[in-house]
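Structure first, commentary second.
The values are calculated or read from the model by the stated rules, or taken from the named source; none is laboratory data. As the structure is a computational prediction, the values presented were derived from the model and not from experiment. All Cβ positions, glycine included, derive from the backbone under ideal geometry; neighbour counts span all protein chains shown.
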Amino acid sequence: MKTKDRPLESHTSVISSFMDFANVPEKERELLKRELKRYIETRIVKGKWCHPFITKFHTDWYREFYRIIDGTDPYKLIKDNSNIQAKQLLKNFKSDSIRDSVMLTIIGNKIDFGACMDSIYNLEQLKADIQNVKRENFSVNQVEEMLSEIKSAKNVLYLFDNNGEMIFDTLLLDFIVKHVDKKNVFLVGKDKPMLNDVTVADLKSEKLDEFGLIVSTGSDCFGLHEEDVSDDFKKLLKSADLIIAKGQAYLEFFSEYNFTNVFHVLRVKQEIVGDELPTLTPGMNVVMKSTNYAGKGVDYVWS
C-alpha cells in the first residue's frame with residue numbers, strides 16, 4: 001500500500017493513542033506528540049523525504065520516536081500484560097474446529113495498540129468475542145486453501161504481529177506442527193522493540209520454540225524491506241515454501257511485491273486501498289492469498 005493512499009489525519013491521529021500508552025514522563029510525552037506530528041505533516045504535505053511504501057514510511061517515523069527515547073522499550077509492560085491476559089482467556093477454552101482456531105487468531109489480532117488510534121481495544125472484550133467465535137464471518141475467506149497448503153508445505157515461515165495476539169496464534173501453530181516437522185517451521189519476530197510487535201525476545205520469553213525455530217528478521221521494520229532485514233533472513237525468506245503473515249502491516253508490505261506463497265490472516269484496522277488490492281474496510285476478517293495481488297507489484301531484491 002502507498003503512503004499517499006492514506007489520509008494525513010490517519011497518520012497523525014494514531015500518535016496520541018500510542019504515546020498515551022508509552023512509559024514516558026508526561027512532559028516528554030506531550031513534546032514527543034508535537035514533534036512526531038510535525039515530522040509526519042512536513043513530509044506528507046511537502047511530499048519530500050516521504051517513502052512511497054507506507055510500511056517503510058511508518059518505520060522511519062517510529063524509529064525517530066525510539067531515537068528520541070534512546071531505544072528503550074516503553075511498551076514492555078503492556079506487552080507482558082497482553083500475554084498474561086490472553087493466556088488467562090484461552091486457559092479454559094478449547095476450539096472444536098480449525099475454522100474457529102483461525103478465527104480466534106484473527107480476534108487476537110485486535111490487540112494492536114499502534115493501529116487502534118483513539119479506541120484502544122480492551123482485552124476484557126475478548127471474552128465475549130471468544131464465546132461468540134462461531135458468529136464471526138470471514139469477509140475474505142481462503143481458509144481452506146491455506147489449510148490445504150499447510151498440509152503439503154515443505155516448510156512454513158510464520159510472521160507474527162503483536163504480543164497478546166501471539167498467544168492466540170498457538171491455536172493455528174498447533175495445526176501447523178501436526179503437518180509440518182517443527183524443524184521446518186520458522187517463527188519470525190523483530191530483532192528489537194517496535195510498539196507492541198513481537199520480537200525474538202518475546203517469542204523466547206513465551207517459550208514458543210515448542211512450535212518451531214525462532215528466527216529474527218534482523219530488523220525492527222514494519223514489513224520485510226530489503227534494505228532493512230538481514231542477509232540470513234533474506235535467504236530464509238527466499239527458501240520459504242509457505243508464508244503465513246499476521247496483521248495489516250504485512251499485507252500493506254507484501255502487496256507492493258509479487259510473492260505468490262503468502263497467506264494473510266488479519267482483522268482490518270484501517271482502510272486498505274490501492275490498485276493492487278480490493279478495498280478492505282475496518283472490521284473485516286481476512287484470510288487471503290497473495291496471488292490476489294501478485295503480478296501488480298515489484299520483484300523483491302534478494303541481494
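Given the condition over 29 Å from Asp174 (Cα atoms) and of a type in the set (A, V, I, L, M, F, W, C), answer yes or no: does some residue in the range 256-276 qualify?
Yes, the range 256-276 has at least one match.
Go through the range 219-234 and count every residue that is surrounded by fewer than 19 Cβ atoms within 10 Å (Cβ to Cβ), free of Cβ contacts under 8 Å to residues at least 40 places away in the same chain and in contact with a Lys or Arg (Cβ under 9 Å, 6 or more places away or on another chain).
1
Enumerate the pairs (first residue in the range 125-139 and under 14 Å from Ile98 (Cα atoms); second residue anywhere and surrounded by 15 or more Cβ atoms within 10 Å (Cβ to Cβ) and charged (D, E, K, R)) with beta-carbon separation below 6 Å, excluding pairs fewer than 6 apart on the same chain, so at least 6 apart or on different chains.
Here the result reads Val133/Asp100, each pair linking the range 125-139 to a residue that is surrounded by 15 or more Cβ atoms within 10 Å (Cβ to Cβ) and charged (D, E, K, R).
Gly164 versus (1) surrounded by fewer than 24 Cβ atoms within 10 Å (Cβ to Cβ); (2) within 19 Å of Phe93 (Cβ to Cβ): which is the lone unmet condition?
(1)
Can you list residue pairs whose Cβ atoms sit under 8 Å apart, with the first residue in the range 255-280 being within 14 Å of Leu159 (Cβ to Cβ) and without any contact (Cβ under 8 Å) to a residue 60 or more places away in the chain and the second being part of a strand (DSSP E or B) and small (Gly, Ala, Ser)? Count only pairs 6 or more apart in sequence or on different chains.
Filtered contacts from the range 255-280: Val262/Ala245; His264/Ala245.
Filter the helices (runs of 4 or more DSSP H) completely within the range 121-182 down to those with at least 3 residues that are of a type in the set (D, E, K, R). Lay out the reasoning, then the answer.
Numbers: elements: 125-131, 143-152, 165-176.
Helices (runs of 4 or more DSSP H) meeting the threshold: 143-152, 165-176.
Name the residues in the range 88-112 that are farther than 16 Å from Phe175 by Cα, more than 19 Å from the chain's Cα centre (by Cα) and either outside the structural domain of Ala128 (by TED's automatic domain parsing) or charged (D, E, K, R) (or both), would you?
Listed by number, the list holds a single entry, Lys91.
If you check Val198 against the conditions, is it in contact (Cβ under 8 Å) with a residue 24 or more places away in the chain, more than 26 Å from Met19 (Cβ to Cβ), among the β-branched types (Val, Ile, Thr) and buried (at least 19 other Cβ atoms within 10 Å of the Cβ)? Even if it seems obvious, please write down each step before you answer.
On the way: in contact (Cβ under 8 Å) with a residue 24 or more places away in the chain: yes; more than 26 Å from Met19 (Cβ to Cβ): no; among the β-branched types (Val, Ile, Thr): yes; buried (at least 19 other Cβ atoms within 10 Å of the Cβ): yes.
So Val198 fails the test.
Residue check: is Ala249 small (Gly, Ala, Ser), closer than 21 Å to Thr59 by Cα, touching a residue at least 24 places away in the same chain (Cβ under 8 Å) and in a strand (DSSP E or B)?
Working: small (Gly, Ala, Ser): yes; closer than 21 Å to Thr59 by Cα: yes; touching a residue at least 24 places away in the same chain (Cβ under 8 Å): yes; in a strand (DSSP E or B): no.
For Ala249, the condition - small (Gly, Ala, Ser), closer than 21 Å to Thr59 by Cα, touching a residue at least 24 places away in the same chain (Cβ under 8 Å) and in a strand (DSSP E or B) - is not met.
Of all residues in the range 65-97, which are among the charged types (D, E, K, R) and on the phi > 0 side of the Ramachandran plot?
Asp70 - this is the single residue of the range 65-97 that is among the charged types (D, E, K, R) and on the phi > 0 side of the Ramachandran plot.
Would you please list the contacts, defined by Cβ atoms under 9 Å and residues six or more apart or on different chains, that run from a residue in the range 174-194 that is more than 20 Å from Leu224 (Cβ to Cβ) and touching a residue at least 24 places away in the same chain (Cβ under 8 Å) to a residue that is among the hydroxyl-bearing types (Ser, Thr, Tyr) and surrounded by fewer than 16 Cβ atoms within 10 Å (Cβ to Cβ)?
Short answer, once both residue conditions are applied: His179/Ser152.
Restricting attention to the range 101-111, does a residue exist that is of a type in the set (Lys, Arg) and more than 18 Å from Arg267 (Cβ to Cβ)?
Checked the range 101-111: no residue is of a type in the set (Lys, Arg) and more than 18 Å from Arg267 (Cβ to Cβ).
For the range 67-80, indicate whether the set of residues that are closer than 16 Å to Asp220 by Cα, of a type in the set (S, T, N, Q), at pLDDT below 85 and in contact with a Gly (Cβ under 6 Å, 6 or more places away or on another chain) is non-empty.
Looking through the range 67-80, none of the residues is closer than 16 Å to Asp220 by Cα, of a type in the set (S, T, N, Q), at pLDDT below 85 and in contact with a Gly (Cβ under 6 Å, 6 or more places away or on another chain).
Given the conditions (1) at pLDDT below 85; (2) buried (at least 18 other Cβ atoms within 10 Å of the Cβ), report the number of the one that Gln125 does not fulfil.
Evaluating Gln125 over (1) at pLDDT below 85; (2) buried (at least 18 other Cβ atoms within 10 Å of the Cβ) leaves (2) as the failure.
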